Amino acid sequence: DAKLNLTKLNLLPFAYYLKDVALLSLESGQLDVDGDLHFKQQPKQQARFNGKVAVNDFAVNDLKLNERFLAWKRLLASGIKWQLEPMSLYIKEINTEQPFGRVIIAPDKSINLAQIAVAEANTASVSKKTTPMMFKIDKTVINNGSMLFADLSITPQFATGIQSVNGSINGISSAASSDAKIDLKGQVDRYGKATFLGELNPFSPDKKTNMSVKFDNIELTTLTPYSSKFAGYRIDKGKLNLDLNYKIAKRELIATNKIVLNQLTLGERVDSPDAKSLPLRLAIVLLKDSNGVIDLDIPITGSLDDPQFRVAPIVWQAIVNVITK
């Protein structure tokens, strides 16, 4: 039986072990541990830990793009109960300060998140005979978080971010029937807002999901890289509101996509081989109401077991159909 108390343990000497988990490089991090450890070897090996663990000033980069992938100022896990046999982990609350994540689509259209997925798959294949660890996290609190998304596969390149993310995720669990409840709010650019509200199974979202995602007052000019590629025009001005509701039950999707474009004004023409040949300027004039607002409501239903079913192309085709009509 031992009382553990570690403060500011430098994690950099342990960076080598991270490569066994994911293709990431550890840049910084300090570990604090405060708790009680119990170990017994006879008649059956057993170990338990109760206490709290904090990781401060943590940062890792992805090895492919050499960009910051994940970081936070402070992460405190309190109310920890861990045991070795059978392997289980319970955490009463995780509190994060200034967490940051980056999602990047590389020029070859690969996603930086795929690096972790590949590493996990390799690790799982080696240890597939071991019993998976049961775990539960009652509450995860996010304070002043941020996320950056960048698409380097298009020209000009696209980047946007969500800042001042605050809220909570409750009930993360390895149990097959568990549903994590999400309530997050953030800021997009200077005046835009983002809201994520609902519940899903974080490890099997295709089985059960009920999520509402809203973006309000988003500057349309930031989407010029995509409008240039797919529509053949730059965007001079306008605001975007998105209200997305996605429900999945037994791998069947029912979704609504409410898209509101306010004062959308196209700019100069851009040559793009991916652009649809449509009279967009005329269509925008016809779609606008007396207040200069375009209101589109696009429902989607389908089976996730259908190999031809893809959400993004269906939404885009629906918009093209509206313009064509």
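Some values worked out for this structure:
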| read-out | value |
| --- | --- |
| Single condition Pro13 does not satisfy, out of (1) more than 28 Å from Val165 (Cβ to Cβ); (2) open to solvent by 30 Å² or more (accessible area, probe 1.4 Å); (3) touching a residue at least 40 places away in the same chain (Cβ under 8 Å) | (3) |
| Odd one out for Ala176 among (1) assigned to a strand (DSSP E or B); (2) over 26 Å from Pro313 (Cβ atoms) | (1) |
| Those residues of the stretch 1-33 which are more than 12 Å from Val55 (Cβ to Cβ), not in a strand (DSSP E or B) and not basic (Lys, Arg), in sequence order | Asp1, Leu12, Pro13, Ala15, Tyr16, Tyr17, Leu18, Asp20, Val21, Ala22, Leu23 |
| Selection within the stretch 282-325 - at pLDDT 80 or above, in contact with a helix residue (DSSP H, G or I) (Cβ under 8 Å, 6 or more places away or on another chain) and hydrophobic (A, V, I, L, M, F, W, C) | Ala283, Leu287, Ile294, Leu296, Ile298, Ile300 |
| Flag for Thr209 being closer than 25 Å to Arg68 by Cα and either in a strand (DSSP E or B) or among the hydrophobic types (A, V, I, L, M, F, W, C) (or both) | no |
| Number of positions in the stretch 79-94 that are open to solvent by less than 40 Å² (accessible area, probe 1.4 Å) and either out of contact with any Ser or Thr (no Cβ under 7 Å at 6 or more places or on another chain) or aromatic (Phe, Trp, Tyr) (or both) | 4 |
| Search result, residues across the stretch 249-268 that are within 20 Å of Ile218 (Cα to Cα) and open to solvent by 40 Å² or more (accessible area, probe 1.4 Å) | Thr256, Lys258, Asn262, Gln263, Thr265 |
| Qualifying position, being without any contact (Cβ under 8 Å) to a residue 12 or more places away in the chain, over 27 Å from Leu148 (Cβ atoms) and either open to solvent by less than 40 Å² (accessible area, probe 1.4 Å) or more than 20 Å from the chain's Cα centre (by Cα) (or both), among Lys40, Lys44, Lys3, Lys8 | Lys40 |
| Residue satisfying all of: in the stretch 172-181; open to solvent by 30 Å² or more (accessible area, probe 1.4 Å) and at pLDDT 90 or above; farthest from Ile94 (Cα to Cα) among these | Lys181 |
| Residues satisfying the stated conditions in the stretch 192-225, i.e. open to solvent by 40 Å² or more (accessible area, probe 1.4 Å) and within 30 Å of Pro273 (Cβ to Cβ) | Phe215, Glu219, Thr221, Thr222, Leu223 |
| Selection from the stretch 269-325 of residues that are open to solvent by 50 Å² or more (accessible area, probe 1.4 Å), of a type outside the set (Asp, Glu) and within 16 Å of Tyr226 (Cα to Cα) | Arg269, Pro273, Lys276, Ser277, Ala312, Pro313, Trp316, Gln317 |
| Qualifying residue in the stretch 113-125 (condition: modelled with pLDDT under 95, not basic (Lys, Arg) and not in a helix (DSSP H, G or I)) | no |
| Residue within the stretch 149-157 that is at pLDDT below 90, aromatic (Phe, Trp, Tyr), assigned to a strand (DSSP E or B) and surrounded by fewer than 16 Cβ atoms within 10 Å (Cβ to Cβ) present | yes |
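The values are calculated or read from the model by the stated rules, or taken from the named source; none is laboratory data. Being a predicted model, the structure only gives us computed values, none of them experimental. In this analysis, Cβ positions are derived from the backbone assuming ideal geometry, glycine residues included, and neighbour counts consider all displayed protein chains. Accessible surface areas use protein heavy atoms only, side chains included; no ligands, DNA or RNA. Shrake-Rupley method; radii C 1.70, N 1.55, O 1.52, S 1.80 Å.
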